[in-house]
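What follows is a set of notes on a single structure, which appears directly below.
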Amino acid sequence: MTLTDDEQQMVALVAEFVDERVRPRVREFEADDIYPAEFIDEMKKLGFFGLLVPAEYGGVDVSTACFARVTEELARGWMSLAGAIGGHSVITYLIKTFGTPEQREKYLPAMAEGRIRATMALTEPGGGSDLQAMRTQAVPGDEGYTITGSKTWISNAAHSGLIGLLCVTDRDAKPAHRGMSVLLVEPGDGLTISKKLPKLGYRGVEACELVFDGQQVPADAVLGGTPNQGWSHMMRGLEVGRIQVASRALGVGQAALNDAVRYAQERESFGKPIWKHQSVGNLLADMATKMRAARLLTLDAAEKLDAGERADMEAGMAKLFASETAMQVALDAIRVHGGYGYSREYDVERYFRDAPLMIVGEGTNEIQRNVIAAQLVARNKI
């Protein structure tokens, strides 16, 4: 898919930001799990939080394909920064697509500027990817809803001013997903946000547990104004989310490939650069080929979404293949670097720590395979 001139300039702007500002300083934040406030502030000024916000609300309003490329460039510098716009962008998409006019007016201008940052809350401590087993509920009353329950591994939770909460609003609905709604929840009384959970990678940006203990929200907090539509809303949003996660994986994988190619030319053994040894050269060839395939799958899913078509199978394929590729490429980059790849003096060890998140996040890859298989059969019924 060809980007417009403006979109190409946006991608180039992100690449410049990554190369000049992020990559030289990422270790200042990553090693000690420090929140990158100054990078986030710069991202706000550059419009990165408004990528999917319509222009009428002050956003940049790029295509999903451009959004994917921007995400990839951010992750090439530091995957955590791509994560900082991940859930925010999914909630942006949900509000612009399904929100009431009042919800769009209330939230989108502030979200475009990054004055309000959003996150989505799906995963529960005992549920994981089994969203139909959801326990968090919002009980309707005279003045709105009362929320009880908990969510976990919620990215950007401590710095978000808006939570896109998927919860049960009708316990009697059969099947269970017909009784779910997305509530637009602002932090307040009745909500406790835990300290950041310790993580292998994806450092700097926090992931927390949310505990709802009777938080009250008004009736107009229901996305779109009509309750019990949340499952279909969020499944559509997850198409954006999975393309975004695939793009994060592309960024990590591309950074690992770039470092491996550079090192293979600089490092010599037995009198020649190591890339000329067939075992290393073959590794580089396979890494580059898998990365190109992953990128094409991701852009294909983005194009489907931009065309208004259902893209759950395509987004699942992109997320599955790109994340598995990033993990393999990160490992192979360590192989190319040899013992130095195991040292924190080189960035490849960070890529290896960051890559697994994309395998288990936004629906595990085992879930992606279920989605792909179900859609494959549904689209090819005999």
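The values are calculated or read from the model by the stated rules, or taken from the named source; none is laboratory data. The shown structure was predicted, so the numbers you read here are calculated from the model rather than taken from an experiment. Positions of Cβ are backbone-derived with ideal geometry, glycine not excepted, and every protein chain shown enters the neighbour counts.
Does the range 30-64 hold any residues that are more than 15 Å from Arg115 (Cα to Cα) and either surrounded by fewer than 16 Cβ atoms within 10 Å (Cβ to Cβ) or charged (D, E, K, R) (or both), and which are they? Residues satisfying the conditions are Glu30, Ala31, Asp32, Asp33, Ile34, Pro54, Ala55, Glu56, Asp61. The numbered conditions (1) modelled with pLDDT under 95; (2) not in a helix (DSSP H, G or I) are all true for Val139 except (1). Just one residue in the set Ala307, Ala322, Ala311, Ala294 is over 23 Å from Tyr351 (Cβ atoms) and buried (at least 20 other Cβ atoms within 10 Å of the Cβ); that residue is Ala311.
Of the helices (runs of 4 or more DSSP H) lying entirely inside the range 1-114, those carrying at least 1 residues that are without any contact (Cβ under 8 Å) to a residue 40 or more places away in the chain are 5-17, 26-30, 37-45, 101-113. Among the residues of the range 301-311, is any of a type in the set (Lys, Arg) and at pLDDT below 95? Yes, because at least one residue in the range 301-311 is of a type in the set (Lys, Arg) and at pLDDT below 95. Out of the residues in the range 281-291 that are of a type outside the set (S, T, N, Q) and either outside the structural domain of Glu349 (by TED's automatic domain parsing) or farther than 21 Å from Val245 by Cβ (or both), which is surrounded by the most Cβ atoms within 10 Å (Cβ to Cβ)? By that ranking, first place goes to Leu283. When Ile163, Ile91, Ile85, Ile147 are screened for being under 17 Å from the mean Cα position of the chain (by Cα), assigned by TED's automatic domain parsing to the domain that holds Glu209 and modelled with pLDDT of 95 or more, only Ile163 passes.
Within the range 302-316, being under 15 Å from the mean Cα position of the chain (by Cα) and hydrophobic (A, V, I, L, M, F, W, C) holds for Ala302, Ala315.
Within the range 333-341, is there a residue that is part of a helix (DSSP H, G or I), closer than 27 Å to Thr4 by Cβ and not charged (D, E, K, R)?
If we filter the range 333-341 for residues that are part of a helix (DSSP H, G or I), which is where we start, we get 333-341.
Applying the additional criterion that residues be closer than 27 Å to Thr4 by Cβ yields none.
So far as the range 333-341 goes, no, none of its residues is part of a helix (DSSP H, G or I), closer than 27 Å to Thr4 by Cβ and not charged (D, E, K, R).
Looking across the range 174-198, just one residue is buried (at least 17 other Cβ atoms within 10 Å of the Cβ) and part of a loop (DSSP other than H, G, I, E, B), and that is Lys196. Taken together, Gln265, Gln278 contain a single residue that is in the same structural domain as Val371 (by TED's automatic domain parsing) and touching a strand residue (DSSP E or B) at 6+ places or on another chain (Cβ under 6 Å), which is Gln265.
Return yes when Leu296 is assigned by TED's automatic domain parsing to the domain that holds Asp354, under 30 Å from Thr2 (Cβ atoms), part of a helix (DSSP H, G or I) and over 24 Å from the mean Cα position of the chain (by Cα) and no when it is not.
no
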